[in-house]
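Accompanying notes for the structure given below.
The values are calculated or read from the model by the stated rules, or taken from the named source; none is laboratory data. What you see is a predicted model, and the numbers here were worked out from it, not measured in a lab. Note: ideal-geometry Cβ built from the backbone for every residue, glycine included; neighbour counts use all protein chains shown. Protein only, heavy atoms only, side chains kept; ligands, DNA and RNA dropped before computing areas. Shrake-Rupley method; radii C 1.70, N 1.55, O 1.52, S 1.80 Å.
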Amino acid sequence: MKHSLDILPLSSWVETDGKPFIIAGPCSAETEEQVVSTAHLLANTGKVHVLRAGIWKPRTRPGEFEGIGSVGLQWLNRAKEETGLLTATEVATAKHVEEALAAGIDILWIGARSTANPFTVQEIADALQGVDVPVIVKNPVNPDLSLWIGALERINRAGIKKLAAIHRGFSSFEKTAFRNEPMWDIAIQLKTIAPELPIINDPSHICGNRELIPYVTQKAMDMDMQGLIVESHIDPSVAWTDAKQQVTPAALAELLDNLSIRKPESNNPGFEDKLAEFRNQIDQLDDQIIKQIGDRMKIAEKIGEFKRDNDVTILQVNRWDEIVQKRVKLGAALSLGEEFMKKYLELLHNESIRKQNEIMNIKPVAEA
Ligand code: PEP
Ligand code: MN
């Protein structure tokens, strides 16, 4: 997949001194006191660059707290004046953009529900035409990389070059420990397609609870993401929205202290040579594995011809069950995860069935 993004580096809109870019603050602005006092505690950690707070909240069901509205913009401004933190809020309509800009909010973000709707994103993009403000685009609620890139492109085409993405996980039918499945591979694909685009991880909306946050933040750092947006409330137990996933500013400071920040490159002079040697070994093994898969497929083709000539069905469930059981056991003995083994075998099986199907349905020349 290609993209047409023209982006300025993160350092052109925020100074982080080589450290991860940290946005933190309550899910929702609730009262002036709550916003301002949370901001002070966050600023005092010395680790936070931007104060976030939702002013207009996209709620799944009507009747829940839908955000304090425009008055909250002034609370953010007071917090900024008193602490020096930059400010960020979510915009979902042209009117939100106009009000946030008029109030002088420093950074705008587009929420996951909005990113999923190209009409909404275009409306926001049109309102941003000719404006120089950083915009961060959350991934859409559904796991669709094109929709995410499309939203970034729409904002970029309006002239916004200070652009970043937020990885906040994806809604999935299957319920797991996460509120939103991280599906790291989608964020990695975005990073591969647009390496110059900063990606910020949102562990709060991925986890939906406080307990998993340290694990997700560490993983985000190890995936070389540029920063974090974490929901932090002065007293999470009484938060009006997303109470279970918010952390106190003190807990946030501890979380950030405990992160191991590894660099993508090393200063060690022998590092590159050693890495090249390991990569060479991997390349050779990959070549061997692919060749062996090719050899395996050739035998599967022979079996296909044999089954065709003897009028036997392609799929023989017992044999397949036996293969899966034995191989998963072997995999476990070699420390390969069960899910990985099952997925790998399934892919292998599908390809082998596709080939056998091709062979069995080629009519012999005489009948053609
Ligand atoms: C939020 O950041 O509070 C929010 C509503 O997030 P999302 O758009 O990721 O659901
Ligand atoms: Mn929230």
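Yes/no matrix, rows are residues, columns are (1) away from ligand 2 (no atom under 16 Å from the Cβ); (2) under 25 Å from GLU66 (Cβ atoms):
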site: GLU99; (1), (2): yes, yes
site: TRP109; (1), (2): no, yes
site: ALA112; (1), (2): no, yes
site: VAL121; (1), (2): yes, yes
site: LEU147; (1), (2): yes, yes
site: GLY150; (1), (2): yes, no
site: ALA164; (1), (2): yes, no
site: GLU174; (1), (2): yes, no
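Looking across the stretch 132-150, the residues that are in contact with a strand residue (DSSP E or B) (Cβ under 8 Å, 6 or more places away or on another chain) and under 22 Å from THR87 (Cβ atoms) come down to VAL133, PRO134, VAL135, ILE136, VAL137, LYS138. Where strands (runs of 3 or more DSSP E) sit wholly within the stretch 19-111, those with at least 1 residues that are within 16 Å of ligand 1 (Cβ to nearest atom) and at positive phi occupy 21-25. Could you list, in sequence order, all residues of the stretch 222-276 that are within 16 Å of ligand 1 (Cβ to nearest atom), of a type in the set (D, E, K, R) and more than 20 Å from HIS40 (Cβ to Cβ)? Passing the criteria: ASP242, LYS244. The set of residues from the stretch 218-237 being surrounded by fewer than 22 Cβ atoms within 10 Å (Cβ to Cβ), assigned to a helix (DSSP H, G or I) and away from ligand 2 (no atom under 16 Å from the Cβ) comprises GLN218, LYS219, MET221, ASP222. Which residue is farthest from the chain's Cα centre (by Cα), if the candidates are limited to the stretch 103-126 and must be buried (at least 20 other Cβ atoms within 10 Å of the Cβ) and of a type in the set (A, V, I, L, M)? Within the stretch 103-126, the match that is farthest from the chain's Cα centre (by Cα) is ILE105. Considering the stretch 192-214, and only residues there that are touching a residue at least 12 places away in the same chain (Cβ under 8 Å) and open to solvent by 50 Å² or more (accessible area, probe 1.4 Å), the residue that is nearest to GLY150 (Cα to Cα) turns out to be GLU196.
When the stretch 51-80 is examined, which residues are found to be basic (Lys, Arg), within 14 Å of ligand 2 (Cβ to nearest atom) and either open to solvent by less than 50 Å² (accessible area, probe 1.4 Å) or within 21 Å of VAL135 (Cα to Cα) (or both)? Within the stretch 51-80, ARG52, LYS57 meet the criteria. Counting only residues that are within 12 Å of SER352 (Cβ to Cβ), among the basic types (Lys, Arg) and either within 36 Å of the chain's Cα centre (by Cα) or open to solvent by less than 100 Å² (accessible area, probe 1.4 Å) (or both), the stretch 287-302 holds 1 of them. Restricting attention to the stretch 127-142, the residues being open to solvent by 30 Å² or more (accessible area, probe 1.4 Å) and within 17 Å of PHE170 (Cα to Cα) number 2. Is the stretch 336-348 home to any residue that is in contact (Cβ under 8 Å) with a residue 24 or more places away in the chain and assigned to a helix (DSSP H, G or I)? Scanning the stretch 336-348 turns up at least one residue that is in contact (Cβ under 8 Å) with a residue 24 or more places away in the chain and assigned to a helix (DSSP H, G or I). Scanning the stretch 3-50 for residues that are of a type in the set (S, T, N, Q) and within 16 Å of ligand 2 (Cβ to nearest atom) turns up SER28, GLN34, THR38. Regarding the stretch 291-314, can at least one residue be identified that is assigned to a helix (DSSP H, G or I), at pLDDT 95 or above and among the polar types (S, T, N, Q)? Checked the stretch 291-314: at least one residue is assigned to a helix (DSSP H, G or I), at pLDDT 95 or above and among the polar types (S, T, N, Q).
Note on the stretch 349-368: among residues that are in a helix (DSSP H, G or I) and exposed (fewer than 11 other Cβ atoms within 10 Å of the Cβ), the one that is modelled with the highest pLDDT is ASN350. Here LEU145 clears all of (1) more than 20 Å from THR89 (Cβ to Cβ); (2) hydrophobic (A, V, I, L, M, F, W, C); (3) open to solvent by less than 10 Å² (accessible area, probe 1.4 Å) except the condition numbered (3). Scanning the stretch 246-282 for residues that are in a helix (DSSP H, G or I) and either open to solvent by 90 Å² or more (accessible area, probe 1.4 Å) or among the β-branched types (Val, Ile, Thr) (or both) gives GLU254, ASP257, GLU272, ASP273, LYS274, PHE278, ARG279, GLN281, ILE282. Restrict the check to the stretch 8-17 and report whether at least one residue is aliphatic (A, V, I, L, M), modelled with pLDDT of 95 or more, open to solvent by 50 Å² or more (accessible area, probe 1.4 Å) and in contact with a Lys or Arg (Cβ under 9 Å, 6 or more places away or on another chain). There is at least one residue in the stretch 8-17 that is aliphatic (A, V, I, L, M), modelled with pLDDT of 95 or more, open to solvent by 50 Å² or more (accessible area, probe 1.4 Å) and in contact with a Lys or Arg (Cβ under 9 Å, 6 or more places away or on another chain).
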